[in-house]
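Working notes, beginning with the structure itself.
The values are calculated or read from the model by the stated rules, or taken from the named source; none is laboratory data. Every value quoted in this text rests on a predicted model; they were computed, and no experiment measured them. Note that we place each Cβ from the backbone using ideal geometry, even for glycine, and neighbour counts take in every protein chain shown. The accessibility values were calculated without ligands, DNA or RNA, using every heavy atom of the protein model including side chains. Shrake-Rupley method; radii C 1.70, N 1.55, O 1.52, S 1.80 Å.
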Amino acid sequence: MGAYGGADGSGSGSGGAGALPGLRFRMLGPMTAHAPDGTALGLGPNQQRALLAVLLLRRGRPAPMADLLRALWGERPPPRAVGTLRTYVSRLRTLFEPERPSRAPARLLVSASDGYALRLHDPFLDIAEFERGIAEAARLRTAGATGDAYRTLGEALGLWAGTPLAGLPGPHAETQRDRLTEMWLTAREDHFHGALELGLDRDTAAVADLRAFAAEHPLRERAQALLMLALHRAGRSGEALAVYGATCDTLARELGTGPGPELTALHRRLTTRAAPAPAAPLPAPREAARPGSAGAGARGDAQACGCDPGRPAPDVPAAPYDTDRPSPGPGPANGCFAGRAAELALLDEVLAGTGSGVPVAVLTGMPGIGKTALADRAAARSGPRFPDGVLRAGLGGGSSRALADLLGALGVPAEALPDGVEARAALYRSLLDGRRVLVLLDDAPDTAGLLPLLPAAPGCAALVTAPGRGLVVPGARLVDVSELDDEAALLLLGAAAGERRLREEPDAVRDLVRQCAGLPLALHLAGTRLRQEPDLTAAALASPDGGGLTARLRAGGRSVEDAFRRRCATLRPAALRMLCATVTAPDGFGPAAAAALLQGGGPHGAARAAADEAAVPEGAEAEAADLIETIVDAGLLRPAASGRYRYHPLVRAYTRHRLTPV
């Protein structure tokens, strides 16, 4: 990169050989600066760093004062903004020219027109190097030098050290973060595309990286297409088609749309090509399967990720999908995850499998608590332990349907599926024999329906999500997923809403976080609404008016109330009556208080019963205890200490506003 120049950016200005040559600035992560000898430079507070970032990215061109004010404070700068900005300029001048006499004109950070320009000689900017690397890789790819393009792009991606301009305030920094993140996502996809063209996708680590990237960005159709192609080339067409089905479901649920023409065309190509080599020996009907059939697995209810390096990949024409055309990126909240360090450490320990049996962890908790997201994150962290991939199935349609989906993901066509749960379970376990696979089983309603889906082969493991504690799985580790703490909750809502909202309405956002009470689904939906509706304030969203917060926690076809409604529908009438009766009880109520409320004692009856448990007949108290456990098993009530219980505030609000006792 050439020297910074004068006002016209031509390189002919005052930047000369003595103008601090060789400074290194990194902004693809936390902003840092180093002298040529490696000495770190103190850049001052974040807002001063944000000003320096604006000046650096203008490449020596002047920045008018009005532009600088907007870059740091937006359209409504504070009354003393000009004075504050001039103070930052003075400090930066001292940083770059510490020996300059107090009245001597600055040579590096100079006044230009009605603003300032920063003219350094040949500085290193990682952002500029990143952009140069992307442009050079594109040129090489156009020239047919695929290998050189792949290596050049890899070097550019290696410059990243986290979120660009991390922690810097102001609209300019936020805009640059969004721009650079989209460039990074597209460059990652280009890099994966290059790996496919060069045949590097047969490396286990390369496919694992692609699998993790696609999981983190489920709405990027290009990423899903590249994963489908990699799986197909590895001889796992059933899994590739399962990825397509899962992507269709995600697009419909999150965006209300279907897949684009490129992804649809790839799916059509994969289903009409000759079938790849089977992933494992299959029953005789496999020979008569129509080409490319994936059976139930193509519906997307079961998804397998990974490759089997021990089996040959079929010959597939290079890049049947138009990967030179990037698809729109996902919303900012996609793939967001916060907190859960203790739970992840526990799951890491379980999946390490130090015992003799197949490791199984059962994640329980209330609706919207993030059990599936936690299982996904634990699976991604455990990839090296399970080189043959991850299988996923939802149990909402029953064991037979879930087994059909798992077998489809393993390459068994629909016409080759045996009848009955026992026969399907036997085939499923035979296909897992000798493999190291992690199985994710979502929303298991009962033990009987779950057991046929658990792997039995050494080297395999299972993560199960369940609404409550009713599952009895010998040797399984129970992981109770609780609410997020305040810090993690703020991070999650902020990631969905955007930093601008946190900056503009800090008190209202914190109040909204408090009202969401650590429920990840509520935090995600609240943040999504704030990002999608610029005129909606956090204060209005958190307002007690208008039917309660739960009614407003909805976005993209999802809502907190729907999650609660589906769970309440699983309760028998007596348990639903108990739920409606006890929702007024204070935290820490017991069976005696619940019985008093159910018998019509109201809040005062509950208080008397809590003080004197003899106030309720023994039979009524036992019946109340049984109904309470039913509500606990549904994930709508949490056990507290010493046989006491508590409701989540949003469950209380939903029950009071939406449920009528039956």
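Quick notes
- Karplus-derived 3J(HN,Hα), 6.51/-1.76/1.60, for each residue of segment 76-89, Hz, glycine and proline x: 10, x, x, x, 9, 4, 5, x, 4, 5, 5, 5, 4, 4
- Base-10 log of normalised Debye intensity for segment 459-516 (one unit scatterer per alpha-carbon) at q = 0.12, 0.15 Å⁻¹: -0.49, -0.62
- Radius of gyration, Dmax [segment 62-145; alpha carbons; angstrom]: 18.0, 57
- Close amide-amide hydrogen proximity is noted between Ala63 and Tyr116, Ala117, each under 5 Å apart and 5 or more residues distant or on a separate chain (H modeled in the peptide plane; Pro and chain starts excluded).
- Summarising the overall dimensions of segment 169-239 from its C-alpha atoms, the Rg and Dmax are 14.3, 49 angstrom.
- Range of Cα positions in segment 139-205 per principal axis (Å), largest first: 43, 29, 15
- Subtracting the Cα-Cα distance of Met65 and Ala40 from 0.36 nm times their residue separation leaves 6.1 nm of extension gain.
- Using the Karplus relation 6.51 cos²θ - 1.76 cosθ + 1.60 with θ = phi - 60°, the per-residue 3J(HN,Hα) values for segment 450-457 come to 7, 3, x, 9, 6, x, 10, 6 Hz, with x marking Gly and Pro.
- Backbone HN-Hα couplings from phi across segment 623-638 [Karplus 6.51/-1.76/1.60, Hz, Gly and Pro as x]: 5, 4, 4, 5, 5, 4, 5, 4, 5, 4, 4, 7, x, 9, 9, 10
- Here the average projected area of the convex hull drawn through the C-alpha atoms of segment 502-586 stands at 6.6 nm².
- Inter-site label distance for Asp148 and Glu487 at 7 Å from Cα along Cβ, in nm: 4.9
- Residues whose amide H lies under 5 Å from that of Leu109, counting only those 5 or more places away or on a different chain, are Arg119; hydrogens are built 1.01 Å from N in the peptide plane.
- Alpha-carbon radius of gyration plus Dmax, which is the widest Cα pair, for segment 353-478 in Å: 13.7, 39
- Pair Arg477, Leu255: separation of 7 Å Cα→Cβ label points (nm): 3.7
- Using a Förster distance of 30 Å, the FRET efficiency for Gln599-Arg566 (Cβ separation, nearest 0.05): 0.55
- Here the Debye sum runs over all C-alpha atoms of segment 401-441 as equal scatterers in vacuum, and log10 of I(q)/I(0) at q = 0.25, 0.27, 0.30 Å⁻¹ comes out as -0.87, -1.01, -1.20.
- Per-residue SASA entry for Asp626, accessible area with 1.4 Å probe, Å² rounded to 10: 90
- For segment 22-132, size of Cβ-based charge dipole, Lys and Arg +1, Asp and Glu -1, in debye: 320
- Under a 5 Å amide H cut-off, with hydrogens placed 1.01 Å from N, Leu440 pairs with Leu391, Arg392, Ala393, Leu463 among residues at least 5 apart or on other chains.
- Computed P(r) (all Cα pairs; segment 72-115; 5 Å bins; percent): 5, 19, 26, 21, 16, 9, 4, 0
- Per-residue surface analysis assigns Trp160 an accessible area of about 50 Å², computed on protein heavy atoms at 1.4 Å probe radius.
- Computed over segment 357-428, the quotient of the alpha carbon radius of gyration and 2.2 N^0.38 Å is 1.28.
- Dimensions of segment 432-586 along the principal axes, based on C-alpha atoms and rounded to the nearest Å, stand at 56, 41, 28, largest first.
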